[in-house]
There are 2 protein chains.
Amino acid sequence: MKQRSTFRAILGGLTTTALLAMGAVQAKDMAPEPIQPVPAAKVTHPAKVELGKKLFFDPRLSRSGFISCNSCHNLSMGGSDNLKTSIGDKWQKGPINSPTVLNSSLNLAQFWDGRAKDLREQAGGPIANPGEMAFTHDLAVDLLRSIPEYVSEFKKVFSTDKLSIDEVTLAIAAFEETLVTPDARFDQWLKGNKKALNAQELRGYQTFKASGCVACHNGVNVGGNSFQKMGIVEPYKTDNPAEGRAGVTGKDADRFNFKVPTLRNVALTYPYFHDGAADTLSEAVDTMGRLQLGKTFTPAENADIVAFLRTLTGKQPQLTLPILPPSSDQTPRPKPFE
Amino acid sequence: MKQRSTFRAILGGLTTTALLAMGAVQAKDMAPEPIQPVPAAKVTHPAKVELGKKLFFDPRLSRSGFISCNSCHNLSMGGSDNLKTSIGDKWQKGPINSPTVLNSSLNLAQFWDGRAKDLREQAGGPIANPGEMAFTHDLAVDLLRSIPEYVSEFKKVFSTDKLSIDEVTLAIAAFEETLVTPDARFDQWLKGNKKALNAQELRGYQTFKASGCVACHNGVNVGGNSFQKMGIVEPYKTDNPAEGRAGVTGKDADRFNFKVPTLRNVALTYPYFHDGAADTLSEAVDTMGRLQLGKTFTPAENADIVAFLRTLTGKQPQLTLPILPPSSDQTPRPKPFE
């Protein structure tokens, strides 16, 4: 019995590996597709996730006491702020469009230029960025240590008295890993429910594949799994000074290479591109067609692709708003106007 | 039978009326107390409340697309922002401390100076205040009308095609009316659970009554039901230019008269006073004793009163974070940096 189970497991493993190698999902009665459904979140450590949620919503991690992770990755608004570029400490204009936090665990790296290898590394960035939350890791940790309820919660979650930026970012990342959006209509279709898409949406998907959009926007996250140059056929014109991947690698060849954004929930994450220049999906599809593929979509093709993209909106995380532990008399007070 | 029921109802009604006239609650085996328990919220129109919740969390009601009602009345932080004075559009420094939205329906009027007679009138204020959300009612309404999901939701809730600032503020007020915090330990004690308070807390409550704090901080909201002068015995020194009630009545006698703030959830709503000058409860109790009562509390008395005040933290509203309907292609985009 044991031997047979092992044999089955290996067989199952091989099949899955083969399919993953194809970048495809094989559903009953269906051809392999270059996009795979978003799996539901697996919460293995609920207390860590709950702590991470509190930290995600806690504006005391910013110098001003006003800006939290949720300010720019607003979970009421597709995990983004729907601004061209974000607002930072003292109303500073952010350098780049806030990418959605939804499904971000499925990306190959974090930030538009991929400078953080994972969510944990990302989470520490904005806290200490003078243009964003404008705090320091030391001050953030000191603040949390002054709040008895946080201290005991960290201790419970991490089974240690250590409360450093490591535990803070681990908890935030654990929460963010749960922010996936399964069950989009497109995923229902992928899983075999032929009625989940209407004729126009299906036509849009076929055009999306046939035109080459899918070359970069594929996989579970319909993007997020490679860096690509913005403006392959025609150069992209923008006042935004972001250099993309070159800023990380130092290679001139990587200038204007950006992480391909996910198209999951794209109907919620307007405006589009790293500079937020495209206000609507129609405009984004038009620009991408011309600049990346040398293709001018007809109005009908554009409308079809947009209709398809709207089927990528998944089930949004249902979150109970956290109640934050209050500051103690020893907690340093924010000074937003100094 | 019917007659007997009616008779009982009248009797019940009379008893309640009589008790209300005394400003007291008569629990079994208990003397009447000058503070009454917070009743649980009665939701008579859940769809209106749900719409109001969305509007409360929607930053598109601000010019910048960044500031929502929840920014300054943060429901993760006792319905306040825990800042001395709030941050407005373009990081403007607010003129006054944000009062908590929790239990605000129990106040005799809204704002520190009571210039809005109810929550509905209040809700329209910050949206159009150039120093706060910096929008206009017309622009806010135009924006909502451009979002199909909002249009149909308003229609469903109000049974009319009319979508004006009236419906917007009615919905927000309906949501805010649900933001009550029943079941504080002090309320459990009021209702007869003698074990709900420990000896120090009870001593603190006795000192609170005996010293005269309760003269202004009484009723269901432990305040919120009268205007009083800040600095009766000794003048209150502050750089804050707020004039209080005089700005509404035009009477010089009303200078420095403010609405007595609620002490419900006061452990969560630091810093204290209209200028947010007191960082801790201990400091606030000390200042109030000296300036309002001509009394210097001993450290032990101060600690007792603070212990009592901490029993006024009620059950915080458990809210599912709303998912906001996305903007349409026609929705005007925010321009936070112009």
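Values in this text are rule-based calculations from the coordinates and carry no lab data. Quantities reported herein were computed from a predicted structural model and do not represent experimental measurements. Every residue, glycine as well, gets a Cβ built from its backbone with ideal geometry; the counts of neighbours run over all protein chains shown.
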Can you tell me the 0 to 90 degree angle between the C-alpha axis of helix B:165-177 and the longest principal axis of chain B, rounded to 10? 30 degrees
About its Cα centre, what dipole magnitude does segment B:46-177 give when the only charges are +1 on Lys and Arg Cβ and -1 on Asp and Glu Cβ, stated in debye to the nearest 20? 180 debye
Less than 18 Å from a label point 7 Å out along the Cα-to-Cβ axis of residue A:200: which backbone N atoms in segment A:294-327 qualify, by residue? A:297-313
Under the definition of Cα pairs under 8 Å and six or more residues apart, what whole-number percent is the relative contact order of segment B:133-249? 10 percent
Would you work out the relative contact order for chain B, in percent, from Cα pairs under 8 angstrom that are 6 or more residues apart? 23 percent
Size of charge dipole - segment B:85-146 - debye, nearest 20, with Cβ of Lys, Arg +1 and Asp, Glu -1, no other charges: 80 debye
If I model a spin label as a point 7 Å beyond the Cα along the Cα-Cβ vector, how far apart are those points for residue A:335 and residue B:246 in nm? 3.1 nm
Name the residue from B:261, B:291, B:318 whose Cα lies farthest towards the positive end of the charge dipole of segment B:213-335, charges +1 on Cβ of Lys and Arg and -1 on Cβ of Asp and Glu. B:318
Normalising by the residue count of segment A:52-205, find the relative contact order in percent from Cα pairs under 8 Å and 6+ residues apart. 22 percent
Per-selection metrics, the protein assembly as shown (Cα): Rg and Dmax in Å: 28.1, 92
The helix B:148-158 Cα axis meets the longest alpha-carbon principal axis of chain B at an angle in degrees, between 0 and 90 and rounded to 10, of 50 degrees
Kirkwood-Stokes translational diffusion coefficient of segment A:99-157, alpha-carbon pairs, 37 °C, 0.692 mPa s, µm²/s: 251 µm²/s
Semi-axes of the equivalent ellipsoid for segment B:46-177, please: Cα gyration tensor eigenvalues, times 5, square-rooted, ordered largest first, whole Å. 23, 17, 13
Taking the 0 to 90 degree range and rounding to the nearest ten, how far is the long axis of helix A:2-21 tilted relative to the main principal axis of chain A, both from C-alpha atoms? 80 degrees
Taking chain B as a Gaussian network, Cα atoms linked when under 10 Å apart, which of B:247, B:124, B:276 shows the biggest mean-square fluctuation? B:247
How much length would be gained if the chain were fully extended between residue B:42 and residue B:160, taking 0.36 nm per residue of separation minus their Cα-Cα distance, in nm to one decimal? 40.1 nm
Unit Cα scatterers, Debye sum, chain A: log10 I(q)/I(0) for q = 0.08, 0.11 Å⁻¹: -0.43, -0.78
Near residue A:237, within a Cβ-to-Cβ distance under 13 Å, what is the net charge of the other residues, with Lys and Arg +1 and Asp and Glu -1? -2
The rounded separation in angstrom of the Cα centers of segment A:305-328 and segment A:151-215 is 10 Å
